[in-house]
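Accompanying notes for the structure given below.
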Amino acid sequence: MSRILDQRILLLVISLSASVQSSKVLSEWKKCGDPECEKAMSRVQATTDYLGPDCRYLNFKTGEEIIVYSKLSRENENLWTGSKGKDFGYFPRETVKVEEVLIGEEVEVLTKETDFLCLHEDKYTFE
């Protein structure tokens, strides 16, 4: 009986740590093409295959085109946000090369908690 209880507690701890990780704020600031972050900033091409660590990240293969909508700034400038077809998420900037810049100037804005939620089949997953 004690062993079953220990296993359940371990599963609960693992589940809670995964939830905290996937709802973690990656940066307080981001750069966008407009104050609402709706304007596409650039068109990039994947230079390598990428598989993200959780559902907030965009997975892609070498050669695929991605539209960039924001770039995290200040404490985490390595991550950009973009879309490929219906898929949307974060990816490391070193995994792509810029093909075309679509804006003249970047605007820095505060991130929102919803920037770091998972999006599955057009629904937010709240951890």
Specify which residue in the list L117, T48, G85 is farthest towards the positive end of the charge dipole of the stretch 41-117, using unit charges on the beta carbon of Lys, Arg (+1) and Asp, Glu (-1), about the Cα centre.
G85
For W29, residues with placed amide H under 5 Å, excluding near neighbours
S73, E75, T111
Pop a pseudo-label 7 angstrom from the Cα along the beta-carbon direction at both T114 and L26 and give the gap in nm to one decimal.
1.8
In debye, nearest 20, what is the charge dipole magnitude of the stretch 25-105 about its Cα centre with +1 on Lys and Arg Cβ and -1 on Asp and Glu Cβ, if you could check?
80
Which of the lysines could be linked to K112 by a straight reach, that is with a Cα gap under 26 Å, when you skip same-chain ones fewer than 8 residues away?
K24, K30, K31, K39, K71, K84, K86, K123
So if we plug the beta-carbon distance of E75 and L102 into 1/(1 + (r/R0)^6) with R0 = 25 Å, what FRET efficiency do we get, rounded to 0.05?
0.45
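Would you mind telling me the share, in percent, of accessible area of the stretch 25-105 contributed by carbon and sulfur at probe 1.4 angstrom?
The C+S portion of the solvent-accessible surface of the stretch 25-105 is 45 percent.
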In what sequence, highest mean first, do 76-89, 98-111 appear when ranked by Cβ atoms within 10 angstrom?
76-89, 98-111
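The values are calculated or read from the model by the stated rules, or taken from the named source; none is laboratory data. Here the structure is a predicted model, which means the values were calculated and not measured. Quick reminder, even Gly has a Cβ in these numbers, built from the backbone with ideal geometry, and neighbours come from all protein chains shown. For the accessible areas, the whole protein counts, side chains as well, though only heavy atoms, and no ligand, DNA or RNA atoms are used. Shrake-Rupley method; radii C 1.70, N 1.55, O 1.52, S 1.80 Å.
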